[in-house]
Each structure stands twice: as C-alpha cells, then as structure tokens.
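Step one of this worksheet: look at the structure below.
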Amino acid sequence: MSAIVAASPARPTLVRAVCVREWREALGNKLLVGMTLLPPVVILATGVLAVGAAAINPPSERDVQALYAAAPAAAGLDPKEAVQGFIATYFLILFMLIPTVVPLTMAIYSVIGEKSARTLEPLLATPVGVGDLLFAKSLASTVPSVLVTWLAYAIYLTSVIALGSHAAQNAVTAPRWILAIVVMVPLLTLLSVNLGILISTRVNDVRVAQQIGGLVVVPVVALGIAQVTGRVVLDNGAFLQMSAFLIVVDVAVFWLAKVAFQRENILVRWR
Amino acid sequence: MNTVLRTDKLTKRFGELVAVDGIDLEVREGEVFGFLGPNGAGKTTTLRLLCALIGPTSGSAEVAGFRLGRDDPKIRASVGILTEQPGLYERQSAWENLIFYATLYGLTSSEASSQAERYLRLMGLWERRTEPVATFSRGMKQKMAIARAALHEPRILFLDEPTTGLDPDAAKTVREFIVQLRGQGRTVFLCTHNLDEADRLCDRIAFFRRNVIRIADPDELRAELYGRATEIRLLPSPRPEDLALVRAVPGVREARFENGSIIVASADPLRTNPQLIRALIEGGAQIAFVTERKPHLEDVYLKIVEPLE
C-alpha cells in the first residue's frame, strides 16, 4: 500500500487551486472573456472621450444653466470646467456598474458551468468543506472583477489628469470616490458574485441567470440618476453609510449562498 | 480479513420516498464487492451515503475506520468515487485535471506530480497528458475519471458502472486495473449492470433493491440455487447406455441428455467426476470434453431479484 495520506488541503492552497482552475477555464471561454472586458472598456472609452470632448468644445449657455440648476455647487466655477467635472463624476457612477455586471457573469458561469458539465459531484467527493469551496469560488470571480475595475479607474484617472481639467481631476480624486473605488467596489463585487451563485443554484440557463442577476444594477443606476438630476446629494457621509449597508447585505447574501451551497442540496435538489 | 466498511440499518428517505431501507453490509478489506440491482434500486444513493456525500436519515455506518456523520471529511479522504458521469474539466488538460484533484486531496506538489504521472501511464494516457480532455474519446475520459478516483490511493474505491460505454479494449484496461487494485490489497465496491463483469471480478456480490436481499460468493450462490453440474460431450454422440453408466455412479443426483451432451448434477463434482470419466471410458465411450456447467449470473440475478419486482 502507498504512503500517500489524503486530507483536506490548507485553505490558501485550496483557494489558489480553485482560482487557478477557474481562471484557466474562464480564459478558455472567449464569450466569457468578451463579456468580462466589454463593459469596462466601453465605459472607460466613452468616459475619456466625453471628458475630452468637453475640454475641446465650449458648452452652450443652455447646457451651463441646466448644469447649475442640477448641481448648485458648480455655480461658481468656470462653465467649461464645471461641465468637465460634471461629466467626469457621471462616468464615475457608471464605473460602479462594472463590479455589478462583470463578476455576476463570472460567478454564473462558475456554478452553472459546473452543473452542466457534471463536475460538481467529483468536486464534492473530495475532503474539502463546501464553505471553503464557496469562499474560493467567490474569490475566483471577485478578484479579477475588482482588478479590472481598479485598472479601468486608474486609466480613467490618468486620462482625466492628462486632459488638464482641474474640476474633472477634483471630481475623480474626491475622497468619497476614492472610498467608493477602494471599498465599495469590492463590496459590490462580492454582493454580485454571491447573488450570482444563489441564482445559479436554482437556474440552469446562463442567459436566464444573467437576466435575473441583472436586476442588481437597478439600485446603482437609480442612485446615479438621482444624483445627476440633483435629487440626492452623495457626500462623504452618504458613501460611508452605503458602504456600511453593503457590508451587512454582503454578509446576509453570503450566508444565504452558503445555505443553498450544501452537499446534499447540490447533489439531490439542484437540477 | 478486516472489515473495511460496515453499515447498520442505514436508511435514506427523501420525503415520503424511501431510497435506501435499513441496509446491513459488511465489506472486507482487499475484496472486490459487487453491488447489483435494477435501475432505481437506490445504488447511487447508497454510494453517495457511503462516500459521505449525503447524510443518512437513520442508521449508522463505519467507512475505512471512520464514523459516517462524525468523520465525513476523513471518509472522503479515505475513499475514491467514480461517478456515473466522468465530470472532467473539458477545457483543461489531463495533467491539469489530475493535479487539481490531487491538490484538493491534500497531496503535496511532488506527490501530486508523481501520482498524476503514475496513473496517466497506467491508463495509457501519458502521451496525451497536455491535450484538453474535450479532445478525448468516451473511453479515455472514463479512464481519466478512474485515475482521478484512485489518485490519492484510497482504501476503498467506489466504481459506478466503470465500463459502461467503453470499447472492449478500454473495458479490458479498466478490468485489469480493478484486478491490480485487489492485488494491492485495495477494496473495490463495484456497482454494475454488467453481470459477466461482476462474475469475473467480484469476490462477493450483494443483490440490492432498496435493501440488501442477499450477499454471497457468486459460485456458492450458483451451487446453492442450481446445484453443481458437469457437461460431458461424447463422440460421436451419447448413447442411452452411456446415460445409464453415468446414473449408476455413486453421488450422481441427476443425469440427462441436452444438445448432444450429458448434463450431470452431483453434490460433490470433485469426487464424482473422476469416477464418471472412468466408468464412461471402461464402458467404451469416447469423451471429447468435460466442462463445469455454470448457470449464467443473469439467471441467478433474475431468480433473486425478479420475485421482488
């Protein structure tokens, strides 16, 4: 008999193995790679072009009046600067859509892909705990999504600075937006990933899961519209409150995903 | 032999449905244990219970020295399972698949590499280790799945229909592998519908339908149900006086003509057959063949399981 002794692997080893496997699998799926990269590329390119266009073209009097009405804080600024700052802020709100859309797709593929390929049973037959497996799967979808969002933000920031508008620079580097990018992006990503996993436990079709999961963007878009139209003012305090709220929601959704992600449920009830 | 698996009234219910109804099993270390039953009998559920993939509703089990429900991760580390579907990561290579699973079974990097190489060579897949599994045939995928199940050298290997859908060459590789495992003292729990395979490989067989109906050595079961029979083919063909000679031999219970042969049933063929042959030769008969006549395991299976259908 062999001297090999099997046992549960250490959690970092498990996380690394699951992440590497999932990323290899994802990189081999051109559709998934496309769906992961398209939203940040479109938002980034449109944002940079819009801020650049505002730097080149002076705004009309009507635009300026509309802007002052929507954002009274901009009233004292140079009209061109004010429009650039306004556009830069608007696209930062769109950046918050990246951590809701990108990881959702990855998480859905991660679970529904395993369901349709029937790879879950051998996976669950290993000594690995399902909680650890869920954690590893969550991280495998969260890490690339957060990195993609941060990379897109870094390119956006560099581009805005290069365009030379002080108002736009101030908007993009405002403490509340730094907080949003550094803290809220990972929290939104985790929420989206665990919602994706939860939905995938009940649905077998990637498109259906994406349609249901797509609802997660609604609150973000609604908040963005409310701010752009001046209905709510998102100051530093509001961002802190939203971050705290997201932490609570993240914990609740992870717990729900963990309840759904049980060995017996997966093998007997998931169809 | 030590007992490596023992269940005591192990039961699994899904709502009103009783999938496994209080089974009592004992599997010995180093044996190939066959598990036969009709579709929907609860074989897969039993396998999942014994591999600690699902929990029992009542009853208890000890698998590889560990208690079901209390030591589940240890049970999963001590057993290997070949599921009905190979369930491999198709975009990844054979090597990557095995290394991933070796890591999940807690093997070190060097152990993972050496075990992956060992089993890929054993299954004849070493030359194709870098190719994506999606390019493999059904038989190659099945061999990959068996390699994955055995990678961490489990004490008990649960194989669910291991040769289904395989060509004769691949099926032979799998059967030889099972024999090799037994030679190493490993226990194999074999679920199969292939009765010929069960007959060739299994030391003991459990006939199952929600509950274990019977556990026995296939040859002992045949002897019990059908007696032990010998077929004697004579040249040019048996004569009535040959049948009379056979019937006169002490120990012969029954003798009859069948398709140009004489079929002889006796309680102890090892003692009776030499006397039979001597009597026939002395009586002037020309013997072409003397063979043991085994009823097919299918007949045994149907005789045991069919009355419950």
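The values are calculated or read from the model by the stated rules, or taken from the named source; none is laboratory data. Because the structure is predicted, anything quoted here is derived from the model rather than measured. Ideal geometry is used to build each Cβ from the backbone, glycine not excepted, and the neighbour counts take in all protein chains shown.
Anything in segment B:67-97 that is aromatic (Phe, Trp, Tyr) and either facing chain A (nearest Cβ under 8 Å) or surrounded by 24 or more Cβ atoms within 10 Å (Cβ to Cβ) (or both)? List them, or say none.
Passing the criteria: only B:Tyr89.
When B:Ala64 is evaluated against the numbered criteria (1) hydrophobic (A, V, I, L, M, F, W, C); (2) crowded, with 22+ Cβ neighbours inside 10 Å; (3) at positive phi, which criterion, by number, is the only one it fails?
(2)
Mind checking whether some residue in segment B:3-24 is among the aliphatic types (A, V, I, L, M), assigned to a loop (DSSP other than H, G, I, E, B) and farther than 30 Å from A:Ala26 by Cβ?
No, because not a single residue in segment B:3-24 is among the aliphatic types (A, V, I, L, M), assigned to a loop (DSSP other than H, G, I, E, B) and farther than 30 Å from A:Ala26 by Cβ.
All but one of (1) within 13 Å of chain A (Cβ to nearest Cβ); (2) over 20 Å from B:Ala116 (Cβ atoms) hold for B:Thr192, so report the exception by its number.
(1)
Please work out if B:Pro73 is farther than 18 Å from B:Arg6 by Cβ and not basic (Lys, Arg).
yes
So which residues in segment B:112-136 are surrounded by fewer than 21 Cβ atoms within 10 Å (Cβ to Cβ), within 12 Å of another protein chain (Cβ to nearest Cβ) and of a type outside the set (A, V, I, L, M, F, W, C)?
B:Ser114, B:Arg118, B:Pro132
Limited to segment B:149-169, what total is found for residues that are within 12 Å of chain A (Cβ to nearest Cβ), in a loop (DSSP other than H, G, I, E, B) and hydrophobic (A, V, I, L, M, F, W, C)?
The number of residues fulfilling the criteria is 1.
Is there a residue in segment A:19-38 that is touching a helix residue (DSSP H, G or I) at 6+ places or on another chain (Cβ under 6 Å), among the charged types (D, E, K, R) and at pLDDT 90 or above?
yes
Would you check if B:Ile178 is more than 23 Å from B:Ala288 (Cβ to Cβ), more than 14 Å from chain A (Cβ to nearest Cβ), at pLDDT 85 or above and in a strand (DSSP E or B)?
Taking the combined requirement at face value, the residue does not satisfy it.
I'd like to check which helices (runs of 4 or more DSSP H) are fully inside segment A:42-160 and have at least 3 residues that are away from chain B (no Cβ under 14 Å).
A:61-70, A:79-95, A:98-117
Here are A:Arg21, A:Arg16: which of them is within 14 Å of another protein chain (Cβ to nearest Cβ), out of contact with any Cys (no Cβ under 7 Å at 6 or more places or on another chain), surrounded by 18 or more Cβ atoms within 10 Å (Cβ to Cβ) and basic (Lys, Arg)?
So the residue among A:Arg21, A:Arg16 that is within 14 Å of another protein chain (Cβ to nearest Cβ), out of contact with any Cys (no Cβ under 7 Å at 6 or more places or on another chain), surrounded by 18 or more Cβ atoms within 10 Å (Cβ to Cβ) and basic (Lys, Arg) is A:Arg21.
Step by step: first the residues of segment B:50-60, then only those that are closer than 21 Å to B:Asn2 by Cβ and out of contact with any Asp or Glu (no Cβ under 7 Å at 6 or more places or on another chain), then the one that is farthest from the other protein chains (Cβ to nearest Cβ). Which residue is that?
B:Leu50
Name the pairs whose Cβ atoms lie under 6 Å apart, with the first residue in segment B:163-179 and farther than 12 Å from B:Gln142 by Cβ, the second not in a helix (DSSP H, G or I), and 6 or more positions between them or separate chains?
Filtered contacts from segment B:163-179: B:Ile178/B:Val188.
Give A:Ala226, A:Ala238, A:Ala257 a once-over and let me know the one that is within 22 Å of A:Val101 (Cα to Cα), aliphatic (A, V, I, L, M) and modelled with pLDDT of 80 or more.
A:Ala257
Just to be sure, is A:Pro9 more than 8 Å from chain B (Cβ to nearest Cβ), surrounded by 15 or more Cβ atoms within 10 Å (Cβ to Cβ) and not hydrophobic (A, V, I, L, M, F, W, C)?
no
Pairs under 6 Å by beta carbon, first residue modelled with pLDDT of 85 or more in segment A:163-191, partner among the acidic types (Asp, Glu), six or more apart or different chains?
Note: pairs meeting the criteria are A:Leu187/A:Asp250; A:Leu190/A:Asp250; A:Leu191/A:Asp250.
Of the residues that sit in segment B:183-198 and are among the charged types (D, E, K, R) and within 19 Å of B:Ile215 (Cα to Cα), which one is nearest to the chain's Cα centre (by Cα)?
For segment B:183-198, the residue satisfying everything is B:Glu197.
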